[in-house]
Amino acid sequence: MPSLISVADLSKEELLGLIKKAAEFKKSFNAGKANALLQGKFVGLIFEKPSTRTKISFYVAAEKLGAHAVSLLASELQLGRGEPAKDTARMFPGWLDILVARVFKHEMLEELAKFSGLPVINALSDKEHPTQIISDLLTVQEFKKKLNGLKIAFIGDTSNVANSLMLACANLGINFAIAYPEGYDPDKALLEKAKAFAKKSKSDLLLTHSTKEAASEADVLYTDVWVSMGEEAEAEKRKRDFKGYQINKELLRFAKNDAIVMHCLPAHRGEEITEEVLEGPRSVVWQQGRNKLYGAASALAYAVK
């Protein structure tokens, strides 16, 4: 059974399959149809970081698919007292069938997968957030009716979400632009993988410090917070550095007339996005957030294929 740790590990067909499956789950869940795909299985939810949308989505998705979700807060485990992840991981196969983990360090996901032998789903690490991207691209497809050939512009921090979105876009033939301040370059290894994907799919990959250049003729404008979890000590510096990297009505003018605005939430109004745009007619943020349920269900289905 496969793990879902990095978008870079997915083929184009697998990624499209995950988006398609998310759409199918949305249709069936909304129709009230029962699904016993994970009947009798136990899904462990390990969360080192706070979560609203991701944790609830995986908990509900597991239950809707017939599984039992077990909440495992790091503070309640021996992990929180310093037990090595590999020691904890070796215990899980006796109790669980799938691990969903939100962690500070990406390497912990790899360690959990190696020593547990269970499929591990990355529910966010310092490098990536693959399940976010499944629901994001489902949302884009719902509004734009296609993916290939679109332009998605990311404004702001080269975060875990930006990394996964960059990889997915390059893989699927979606043109991707990211605008960020000097000194905040994307992860080099992930960027090289994205370049390889883009070359194969013949899509454009633009890195720039100009928000206007990135937003120009974009079909989608996307942003994330300037200060991610674990970066609180750098908050004031980051806020200074990212000033001007904001989605507002002025920047929207550079995008296409029918461009949509996305944010993975939670949002800091007045920083990376204005209240006016977040609550405006171009915003699809709330549907994007609700779609995380179907992205989670798709990831769980992938883990038992």
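No value in this document is a laboratory result; all are computed from the given coordinates. Nothing here was measured: the structure is a model prediction, and the numbers come from that model. A quick note on method: Cβ atoms are made from the backbone with ideal geometry, for glycine too, and the neighbour counts reach across all protein chains shown.
From largest to smallest, the equivalent ellipsoid semi-axes obtained for the stretch 132-290 from the alpha-carbon gyration tensor read 21, 19, 14 Å. For the stretch 47-110, report the translational diffusion coefficient in µm²/s to the nearest whole number, using Stokes-Einstein at 37 °C, 0.692 mPa s, and a Kirkwood Rh over Cα pairs. The estimated diffusion coefficient comes to 258 µm²/s. Rg over Rh for the chain works out to 0.96, using Cα positions for both radii and the Kirkwood form for Rh.
Ranked for footprinting exposure by Cβ neighbours inside 10 Å, fewest first, S51, S159, S6 give S51, S6, S159.
Which net charge results when you count Lys and Arg as +1 and Asp and Glu as -1 among the other residues whose beta-carbon is under 15 Å from that of G66?
On the way: positive: K33, K41, K64; negative: E63, D97.
Once positives and negatives cancel, what remains is +1.
Annotation: peptides 222-232, 20-30, ranked by per-residue average of other Cβ atoms within 10 Å with the highest first, follow the order 222-232, 20-30. Using only side-chain charges placed at the Cβ, +1 for Lys and Arg and -1 for Asp and Glu, the dipole size of the stretch 45-203 relative to its Cα centre rounds to 700 debye.
Wrap a convex hull around the Cα atoms of the stretch 8-167, take a quarter of its surface area, and give that in square nanometres. Walk me through the numbers on the way to the answer.
Details: hull surface 40.9 nm².
Convex hull of Cα atoms, orientation-averaged projection: 10.2 nm².
What FRET efficiency do you get for L265 and K195 if R0 is 22 Å and r is their Cβ-Cβ distance, rounded to the nearest 0.05? It comes out at approximately 0.15.
Put simply, the amide H of D204, placed in the peptide plane, has neighbours under 5 Å in N175, F176, leaving out anything fewer than 5 places away on its chain. Put simply, the convex hull of the Cα atoms in the stretch 213-305 casts, on average, a shadow of 7.6 nm².
Checking every one of the trypsin sites (Lys or Arg not before Pro) in the stretch 172-236 against DSSP loop status and a limit of 15 other Cβ atoms within 10 Å picks out K202.
Each label was represented as a point 7 Å from its Cα along the Cα-to-Cβ direction; for K212 and E14 these points are 4.2 nm apart. One decimal place: the segment E250-W286 gains 10.8 nm when fully extended, by the rule 0.36 nm per residue minus the C-alpha distance. With a cut-off of at most 16 other beta carbons within 10 Å, and DSSP calling the residue loop, which trypsin sites (Lys or Arg not before Pro) in the stretch 231-300 qualify? Please list them. When the trypsin sites (Lys or Arg not before Pro) of the stretch 231-300 are filtered for loop state and at most 16 Cβ neighbours within 10 Å, K243, R253, K256 remain.
Over all pairs of different C-alpha atoms, the stretch 12-53 has a mean inverse distance whose reciprocal, the Kirkwood radius, equals 13.0 Å.
If you take every residue apart from S216 with its C-beta less than 11 Å away from the C-beta of S216, what net charge results, scoring Lys and Arg +1 and Asp and Glu -1?
+2
Hydrodynamic analysis of the stretch 116-167 uses the Kirkwood radius over alpha carbon pairs. Inserted into Stokes-Einstein at 37 °C and 0.692 mPa s, it gives a translational diffusion coefficient of 267 µm²/s. The alpha carbons of the stretch 75-221 give a radius of gyration and a Dmax of 17.8, 53 Å, in that order.
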